[in-house]
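Here, each number is a calculation from the coordinates, and none is a lab measurement. On a predicted model such as this, the values are computed, not experimentally measured, just so you know. Heads up, the Cβs are rebuilt from the backbone with ideal geometry, glycines too, and the neighbour counts pull from every protein chain shown.
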Amino acid sequence: MRSLAVVLVCGFLMGCASESSMYNRAVVSNDIGLYRNYLEKYPDGVHAEEAQTRIDEVLWNHASESNTMEDYLNYLEESPEGSHRGAANRLARARAYEEAEAADTLELWQQFVERFPSDDKKHTNAAHRVEVLSYAEHFSWTPFTHERANMAEQKKGPLDGYRFYTEFSNKGDKTVTLAKFEIEFWKDGRAAPAKVSKWNAVIPKEQNHVFRDPGAWPPIGPGKSRGGIWTLGDIDMPEGWDFDKDEIRLVLKDLWFAE
C-alpha cells in the first residue's frame, strides 16, 4: 500500500515537472506556438492563465511594431478577449482609412465600409467615395483642349488669357450636381512637377455666384452631354511646360448627385 502511494506521489511530481518544463521552454522562447502547445496539453494547468496572457502580449507587441491594419485585425482574431482589443480595433480602423485614402480605390473604400461600420465622419466620407468611384465609369469627358484667348472675348483683342474645353458625358442614371477635377500638366508622356490646379466643372445653381468658377455649368442629367469651358487670366504652369505644345489632363476627384 505504501509502495502504491509512493508511486502515485512520484507520478504526480513528475507530471508537475513535465508541465513546468514545457511552460518554461515556451517562456524562454516566448513563442506563441509553444504557449499554445502547452495550453492544448494542459488547458487547466497551473500556468494556463499566464500562458494566455503571454500569447495576448506577443500578438499585441507584434501588431504595435508593424502598425498595420492586417496585424491589428490578426490580433483581434487570435485574441478576441485580449486586453488590447479596444485599441486594436481603433488602430485597425485608422490604418484602413489611411490606406484607402492614399490609394483611393473602390476596393479599399468598400472594405473599410464593410469592416468598420459607424456613423462618424470617416464612415460617411468612405461611403461617399464608394458611390463616386462606383459611378465614375458612367461619367466621362473628352481630352482637355486648351488655347490662348482674349479675356474680354474680343475677336481682335490681345491674347491675354487661357481657355480650356472638354465635353462631359453622363451615361449613368443619376444627375451630377457637382464635379470636381484636378488638372495635371503633362510633358513627354509624364506629369510635370507643379502645383495641381483645381476645377469645379459642375456647381449647383443655388450656390452663391461670387464663389462660382468662371467655367461652372449647371447639373448634368442622366444620359446627357454638354461642353465645359474654363477661362483664366493667369495659370501656374510648371517650368519647362509649353502651353502651345504640351498636354493637359483632367483627373476626376469628386462627384455629388441630386437626391
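Charged side chains reduced to their Cβ positions (Lys and Arg at +1, Asp and Glu at -1) give region 28-133 a dipole of some 200 debye around its Cα centre. Neighbours of GLN111 by Cβ distance under 14 Å: Lys/Arg scored +1, Asp/Glu scored -1, total -2. At an R0 of 45 angstrom, the distance between the Cβ atoms of ARG36 and GLU98 translates into a FRET efficiency of 0.90.
Provide the gained length on full extension for the span SER21 to VAL46, in nm with one decimal, where the gain is 0.36 nm per separating residue minus the Cα-Cα distance.
Separation in residues times 0.36 nm, less the Cα-Cα distance, equals 7.8 nm.
Placing pseudo-labels 7 Å out from each Cα toward the beta carbon at SER83 and LYS198 gives an inter-label distance of 4.6 nm. FRET efficiency for the PHE257 to ARG190 pair, using the beta carbon distance and R₀ = 45 Å, is estimated at 0.85. Averaging the sequence gap over all C-alpha pairs within less than 8 Å and six or more residues apart, then dividing by the number of residues, gives region 28-133 a relative contact order of 16 percent.
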